[in-house]
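Here is the structure we will look at.
Coordinate-derived values only; no laboratory data. Keep in mind that what you see is a predicted model, and the values were worked out from it rather than measured.
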Amino acid sequence: MTDRDTVLSRIREALRRSPGPSPSSRSRPALRAAVDLDPAALARTFREEAEAQSVQVHEAADPSEAGRILGTILGRTGARRAISWSDPFPGREAVAEALRARGVRDVTPAPEPPGEAPDRAAFKASAARADVGVTGADFALADTGTLVLLSAPGKSRSASLLPPVHVALLPASRILPNPPSLLALLPGTPAEALERGSVVTLVTGTSKTADIELTLVRGVHGPGEIHVIVLLGPTF
C-alpha cells in the first residue's frame, strides 16, 4: 500500500466513524444532519452553503444564458485578460464567445502537441497576469458549498488560484451531497489518479486571512471573488 492509499484509507475510516456534531454544526442541524439527495434540493443546498462562504452563485438554463452571465461578470470587474482550462469542459464554447463579445483577451496558452510535457511555468505566468480565471468544475459538495477541481493536462490549478476573480461553470448533475460520496468517485490507484487528475483541489469560499491584527482580508492567498454558474439545462 502506498502512502496515498494509507492517507485515503484513514480518511474513509474517519468518515465511517461519524462522530457527534461539532458546535458549529449544531447551529445548522437541517443541513448537517442529512442532505436531501434530490437534485433540485442538492442545488439549493449548495447555493445556500456557497453563498454563506461569500461565493456568488448564478443559474443558467442554456449556453447563451451562461455566456450572458459571464459577460456581465467580465464587464463589472473590468477584466481585460482571462485564462481558462484548455481541456474542454461544459460551457467552454459559451466562455470563448463571451470573451470575444467583451473584447477580453484570452491568454490561455495553446495545448502542447501530443507527447510533449506541459509548460507549467508559462501557464502560471499567464495566469498571474490574468484578471479572471474561468474553469469547469468536476464536482461540488452540497453540504459545504465546496467546488472540487481535479488537476490534469489542460486543467491547471493556476487558472483557479492565481487570478483575483475565479468563475467556475458547474453542471448541476455534478453536485454531490457530501465528502463520502466524493471519495467513492475518486481514482483508486496511482495510475488512475495520473490519468484522471493527480491533484484534488477543494475550494470552499473566497481566499481570506485575519493574520494581521485580526483584520479579515480577502484575496491575499487566492481569488478574492468567486462566481459559480450552475448549468441547469440538458444542453450541458
Give, in nm to one decimal, the length gained when the segment between Glu48 and Ser64 is fully stretched (0.36 nm per residue of separation minus the Cα-Cα distance). 3.3 nm
What is the Cα radius of gyration of the range 35-231 over 2.2 N^0.38 Å, N being its residue count? 1.00
Label the range 108-172 by shape, choosing from rounded, prolate and oblate, from the square roots a ≥ b ≥ c of the eigenvalues of the Cα gyration tensor; if a/c is under 1.5 it is rounded, and otherwise prolate applies when a/b is larger than b/c, oblate when it is not. oblate
